[in-house]
Amino acid sequence: MMLRGLEATARTLVANGKGILAADETIGTITRRFERLKIESNAESRRTYRELLFTAPEASSFISGAILHDETIRQLGSDGTRLPDLLLDRGIIPGIKVDLGVKRLANTEGEMVAEGLDGLADRLNEYRSFGAQFAKWRAVIRIDERLPTRKCIVANAHALARYAAICQEGGFVPIVEPDVLMDGPHTLDRCAEITGQTLHSVFDELSRQDVSLEGMLLKPNMVVAGTACPTQASITEVAAATLRCLQRHVPAAVPGIVFLSGGQSDLKATAHLNSINLMDGPKPWKLSFSFGRALQDRALATWRGNKAHWIDAQRIFIHRARNNAAATLGKYTPSFENEIRQPSDTFVSTDEDD
Ligand code: 5MM
């Protein structure tokens, strides 16, 4: 019974033409993003910004679920309604980030492992009382000439699988997020190789922990060349490499793959998602988005903490959500970008530090 409920929730999160809003930035990350735009970061400004996103008109036409941070799930909207209830009232499923961040992995040269398994079952019980139905855990894998080590991949895969098993036992759909970072000069092929090794290890550990593949979602990076690689791949090269890697390593029982944007420009993330969905070949899973920066950056830069820009910021957020929703169906074209005024045609995510 529980498994059938998990499967239904997972499928709802990747319903046709919908994807997930990742609004689970830690206080440190959102503060850095606010400060670049000279927005003061405090509990009230963070609450206001999240309320702007969650109450954007028509959001539920394109957004199935939203991932919240621990601070946000406890906050009240301006009318006194809890923020997760604002989402539920609008037909958007609230989710919660449950890893407690990455820590240095012992016996490595600065590699990281995500932590937060201790007490996780108890934390999930509390989050359930706030209405959360799914969870997210992000592991970070860095590429350089000698990295990642096998040790780092296996430690992160093991933690992801233990997290997923605890979530399912507690009635939560786990989003399993192994994030192979874009930072560095590595090639597209090297990203494909490391993403493949990581996914292989993740599904090996998920199987060992008896995680039900039907009741989870995968949130991987797309296969792209590193940001400092002199040879950047075309949209279709990225799409082909990403799909090939997923076909080789992700079982067909997984209902959906919801990509992270990882610091790509918002327009590229949309174009890549669209092209992946247009590729020939087997695609047994829904291919959708769980973007943070690629959905939010323009809206945040428009709002800038100013109440007078609230409606414009919501329109810009919905514009990106609509275009990404179209991309999940392979129906996006760049001309869609002209339909509303944009703050900048060459807007690129400014975040390089996470
Ligand atoms: C990789 O980050 C996740 C997806 O966001 P992007 O589409 O911007 O890459 C995101 O859900 C991330 O896990 C959260 O924002 C939490 O990040 P921090 O760095 O605050 O732990």
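The values are calculated or read from the model by the stated rules, or taken from the named source; none is laboratory data. Remember, it's a predicted structure, so these values are computed and weren't measured experimentally. All Cβ positions, even for glycine, are placed from backbone atoms using ideal geometry, and neighbour counts span all protein chains on display. Heads up: the accessible areas ignore ligands, DNA and RNA and are worked out on the full protein's heavy atoms, side chains in. Shrake-Rupley method; radii C 1.70, N 1.55, O 1.52, S 1.80 Å.
General remarks:
- Counted by Cβ distance under 11 Å from L21, the other residues give a net charge of +2, where Lys and Arg count +1 and Asp and Glu count -1.
- Net length gained if the chain between T26 and Q247 were fully extended (0.36 nm per residue, minus Cα distance): 76.3 nm
- For T231, the solvent-accessible surface computed with a 1.4 Å probe is close to 100 Å², ligands and nucleic acids excluded.
- Inter-part distance where the stretch 8-54 and the stretch 224-254 are each reduced to a Cα centre, Å: 26 Å
- Residues with amide H under 5 Å from that of A139, placed H, sequence gap 5 or more: E177, D179
- Radius, Kirkwood style, for the stretch 144-237 when every pair of distinct Cα atoms is counted (Å): 14.1 Å
- Sorted peptide list for 140-148, 267-275, criterion being average Cβ within 10 angstrom, highest first: 267-275, 140-148
- When the C-alpha to C-alpha distance is required to be over 19 Å, the pairs from K38/K97; K18/K286; K136/K307; K268/K331; K219/K283 that qualify are K38/K97; K136/K307.
- Here the scattering of the stretch 1-138 is modelled by Debye summation over its C-alpha atoms, one equal scatterer each and no solvent; at q = 0.18 Å⁻¹ the log10 of I(q)/I(0) is -1.10.
- Computed from the Cβ-Cβ distance with R0 of 56 Å, the FRET efficiency linking R128 to Q232 stands at 0.80.
- From the alpha carbon centroid of the stretch 95-134 to that of the stretch 281-313 is 24 Å.
- Förster-model FRET efficiency, 25 Å R0, A121 and R208, C-beta, rounded to 0.05: 0.85
- Among beta bridges from DSSP that stay inside the stretch 1-126, the antiparallel ones total about 30%.
- Paramagnetic label zone (point 7 Å from Cα along Cα-to-C-beta, R315; backbone N under 15 Å) in the stretch 43-61: 56-58
- Charge tally in the Cβ shell below 11 Å around V258, where Lys, Arg are +1 and Asp, Glu are -1, V258 excluded: +3
- Taking the alpha carbon gyration tensor of the chain, multiplying each eigenvalue by 5 and rooting it gives semi-axes of 27, 24, 20 Å, largest first.
- Carbon + sulfur, % of accessible area of the stretch 2-348 - ligands and nucleic acids excluded, 1.4 Å: 51 percent
- Cleavage-rule hits, GluC sites (Glu not before Pro), the stretch 37-107, DSSP coil, Cβ neighbours within 10 Å at most 14: E40, E58
- Ranking L100, V154, L21 by how far each Cα lies toward the positive end of the dipole of the chain (charges on Cβ) leaves L21 at the top.
- Å² per residue, accessible surface of the chain at 1.4 Å: 41 Å²
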